[in-house]
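Comments concern the structure below.
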Amino acid sequence: MAFWGDYHTHTVYSHGKGSIEDSVLKAAKLGLRELGITEHGFNHLCYNLRRGELARMRSQIEMLAQKYPQVKVYVGVEANILSPKGKIDVRGSDKPKLDITVCGYHKLVRAFPAQPQYFFPNNLGLSGAKTVARNTAAYLSALEKNEIDILSHPGNSCKCDVREVARACKYFGTYFELNGKRISLSDDELAAVAEEDCEFIASSDAHEPRRVGDFSLPVKRIEKLGIPLSRLANYERLPQFRSRKEAKHTGDNENAMGEEL
């Protein structure tokens, strides 16, 4: 199987065990053309990337580009959705320092002002109608207001209307991730997402170099449902990321990204 890129991986800069070079070396051995180093977002309480480290990451990646020219490496972040209004922990001042933005819901995230009505039901594993509606609104608002390239592990610890989220991903040009560590959607939910014709992307979510390029779970799940591999944006092609396209979506993107946390 010819996957050309892995765009959701972690290193010692946040929650991973290996260096950036360790991950690039594994990608090179696998024949991947591109690799995203997407550390956990700035507001995570335990595994956050520090803003001051972005420049050091960039410097290392530029050095590695000389050593491993066959692999294009992106500086990225796996941002956190902070509220039902779609706020995320990426500022306008962060954007020029990032090549790609992965974003999703995570527990143990610092949000100001506090959002107990948003975080507590998810932390407790609740999935009632109000929780689902609130979570769906958070996903839709985040996709509208921010140039999110990949929506990470949708529905994980954040139950939502997956059809509505898939429609929004298609409309705004955000890839719907099939995560190599966990896919929290049932077969019926995943089939519903596929029916909305949004584009999937397979990611390893590697937290150690040996797992870079491991797409076995995404492949297993979509093959089970008869979804063709061609629906994966990184299978035998390179994805076209929303934030890197010249034609930007209109709306509140710049205002949302420029809002200070």
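The values are calculated or read from the model by the stated rules, or taken from the named source; none is laboratory data. The structure displayed is predicted, hence computed values, not measured ones. Heads up, the Cβs are rebuilt from the backbone with ideal geometry, glycines too, and the neighbour counts pull from every protein chain shown.
Just a yes or no: is a residue in region 16-30 under 16 Å from residue 97 (Cβ atoms) and either basic (Lys, Arg) or crowded, with 18+ Cβ neighbours inside 10 Å (or both)? Step through it out loud before you land on a result.
Residues of region 16-30 that are under 16 Å from residue 97 (Cβ atoms), as a first pass: 20.
Next cut, either basic (Lys, Arg) or crowded, with 18+ Cβ neighbours inside 10 Å (or both) only: 20.
Within region 16-30, one or more residues are under 16 Å from residue 97 (Cβ atoms) and either basic (Lys, Arg) or crowded, with 18+ Cβ neighbours inside 10 Å (or both).
What is the one condition in (1) within 24 Å of residue 215 (Cβ to Cβ); (2) surrounded by fewer than 21 Cβ atoms within 10 Å (Cβ to Cβ) that residue 36 does not satisfy?
The number of the failed condition is (2).
Where residues in region 159-208 are over 26 Å from residue 244 (Cβ atoms) and among the hydroxyl-bearing types (Ser, Thr, Tyr), which of them is farthest from the chain's Cα centre (by Cα)?
Looking at residues that are over 26 Å from residue 244 (Cβ atoms) and among the hydroxyl-bearing types (Ser, Thr, Tyr), I get 186.
Would you mind finding the one in 138, 166 that is farther than 26 Å from residue 15 by Cβ and among the aliphatic types (A, V, I, L, M)? Working first, answer last.
Details: 138 fails: farther than 26 Å from residue 15 by Cβ.
Among 138, 166, only 166 is farther than 26 Å from residue 15 by Cβ and among the aliphatic types (A, V, I, L, M).
With the checklist (1) outside any helix (DSSP H, G or I); (2) free of Cβ contacts under 8 Å to residues at least 40 places away in the same chain in hand, flag the one item residue 59 doesn't pass.
(1)
Those residues that are in a strand (DSSP E or B), charged (D, E, K, R) and over 13 Å from the mean Cα position of the chain (by Cα), I need them from region 65-88; list them, please.
Within region 65-88, 72 is the sole residue that qualifies.
Can you tell me which residues in region 109-142 are closer than 20 Å to residue 40 by Cβ, among the hydrophobic types (A, V, I, L, M, F, W, C) and surrounded by 14 or more Cβ atoms within 10 Å (Cβ to Cβ)?
Residues satisfying the conditions are 109, 111, 119, 138, 142.
Could you identify the single residue in 41, 18, 31 that is within 18 Å of the chain's Cα centre (by Cα) and at pLDDT 95 or above? First the steps, then the outcome.
Values: 18 fails: within 18 Å of the chain's Cα centre (by Cα); 31 fails: within 18 Å of the chain's Cα centre (by Cα).
On inspection, the qualifying residue turns out to be 41.
Do we have residue 217 as crowded, with 16+ Cβ neighbours inside 10 Å, in a helix (DSSP H, G or I) and in contact with a Gly (Cβ under 6 Å, 6 or more places away or on another chain) here?
The answer is yes for residue 217.
Of the residues that sit in region 220-249 and are assigned to a loop (DSSP other than H, G, I, E, B) and among the acidic types (Asp, Glu), which one is surrounded by the most Cβ atoms within 10 Å (Cβ to Cβ)?
Residue satisfying both the conditions and the ranking: 236.
What pairs can you find where one residue is in region 176-199 and aromatic (Phe, Trp, Tyr), the other is in a loop (DSSP other than H, G, I, E, B) and surrounded by 15 or more Cβ atoms within 10 Å (Cβ to Cβ), and their Cβ atoms are less than 8 Å apart, with a gap of 6+ or different chains?
176/154; 176/198; 176/199
Conditions first: (1) in contact with a helix residue (DSSP H, G or I) (Cβ under 6 Å, 6 or more places away or on another chain); (2) within 18 Å of residue 224 (Cα to Cα); (3) buried (at least 24 other Cβ atoms within 10 Å of the Cβ). Residue 201 passes all but one, so which condition is the exception?
(1)
Starting from residues that are among the β-branched types (Val, Ile, Thr) and not in a loop (DSSP other than H, G, I, E, B), keep the ones in region 89-113 and report whichever is nearest to the chain's Cα centre (by Cα).
Checked region 89-113; the qualifying residue nearest to the chain's Cα centre (by Cα) is 102.
Given the criteria assigned to a loop (DSSP other than H, G, I, E, B) and farther than 24 Å from residue 42 by Cα, does residue 155 qualify?
Judged against the criteria, residue 155 is not a match.
Check whether at least one residue in region 29-52 is part of a strand (DSSP E or B), touching a strand residue (DSSP E or B) at 6+ places or on another chain (Cβ under 8 Å) and either over 30 Å from residue 141 (Cα atoms) or hydroxyl-bearing (Ser, Thr, Tyr) (or both), and report yes or no.
yes
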